[in-house]
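Working notes, beginning with the structure itself.
Quick note: the coordinates plus some simple rules give every number you see, no bench work behind them. The model shown is predicted, which means the values in this text are computed figures rather than measured ones. With ideal geometry, Cβ positions are generated from the backbone for all residues, glycine too; neighbour counts draw on all protein chains shown.
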Amino acid sequence: MAAEVIAARSMNSLHVWLDLAFLASFVLVLILSRRYQALVAGLVGGVVYFAVDYGLFYRVLGTRMVQGADPFWFLWWLSLSYGLTNVAWIWLWLDRDRRALEWSLFIVSGWLAVALLSTSLGSHSRPILISRGTADYHGVMAALLFLGYGYLCVRNIRATDTAQRAPLLWILAIGILVQFSWEAVLAVTGIRNQSWNTLVINSLLETNMGLPYFYLIHRFVTRRRNEAWERVRRT
């Protein structure tokens, strides 16, 4: 029987509203700095996260539980929140954006501020409890992780041109650190249930599973369009 990792959170409704304000500011900064590819990737990521979290985990598998809020709208916000920030952040790192440190501090400090402000000021707000079991699909995620990284490993082994090799350590670092960052914020602010097992397994597996595929999509898009969506001229 697969080991069950329960990813649970407790928050209040103020958290949702504060996070929506943070997301609006993040989108505005992306637009003003002309990081259009990262913005579009993040929005697409939010839709994909929602399809998986609400469509698969909640509706099909029944492993996602929501108490204190309408599941459809709550999971739409939750998916947009982490889909937008995670995927846009990943895209900027894959860009090797010269302002990667500033983007990282902006996102992580925003998550931290939203969590602590809602905890301090939202004592009279409606409590919301959510949880998600993982035994039914962590094996599938591990298989997808192996397929993605396995493909890149074989591709690197066969490549004769160093420039064609995927930067595996860079991809791996992004995949682990993005998930670890928000798992750590949730843990230290008391929103996530304290579980070393959840922190480690989710950080190694959940977002990291998609990084080989993100890398290939990013490479395909950026070879044809720049960050401002202008066509790249090949010499």
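By the count of neighbouring beta-carbon atoms within 10 Å, fewest first, D70, D95, D161, D53 end up ordered D161, D70, D95, D53. Would you work out the relative contact order for the stretch 52-136, in percent, from Cα pairs under 8 angstrom that are 6 or more residues apart? Contact order relative to length: 51 percent.
Taking the helices alone, the chain has a mean residue ellipticity at 222 nm of -21000 deg cm²/dmol, built from -39,500 (n - 2.57) per DSSP H run of at least 4 residues and averaged over all its residues. Residues in the stretch 207-212 carry Karplus couplings, in order, of 6, 4, 3, x, 5, x Hz; the curve used is 6.51 cos²θ - 1.76 cosθ + 1.60 with θ = phi - 60°, and Gly or Pro positions show x. Pairs of Cα atoms nearer than 8 Å and 6+ residues apart set the relative contact order; for the stretch 7-222 it is 30 percent. For I157 and S25, a Förster radius of 45 Å and the Cβ-Cβ distance give a FRET efficiency of 0.55, rounded to the nearest 0.05. If I take all pairs of Cα atoms in the stretch 1-70, what percentage of them are more than 21 Å from each other? Counting pairs separated by more than 21 Å, the tail of P(r) holds 46 percent. Taking only Cα atoms, what is the 0 to 90° angle, nearest 10, from helix 36-50's long axis to the longest principal axis of the chain? Tilt of helix 36-50: around 50 degrees. Helix 100-121 and the longest principal axis of the Cα set of the chain meet at an angle near 10°. Calculated over the chain, the projected area of the Cα convex hull averaged across directions stands at 13.9 nm².
Each listed q (0.12, 0.13 Å⁻¹) maps to a log10 I(q)/I(0) for the stretch 147-235 from the Debye sum over equal C-alpha point scatterers, namely -0.51, -0.58.
Taking the longest Cα principal axis of the chain as reference, the axis of helix 138-158 is set at about 20 degrees.
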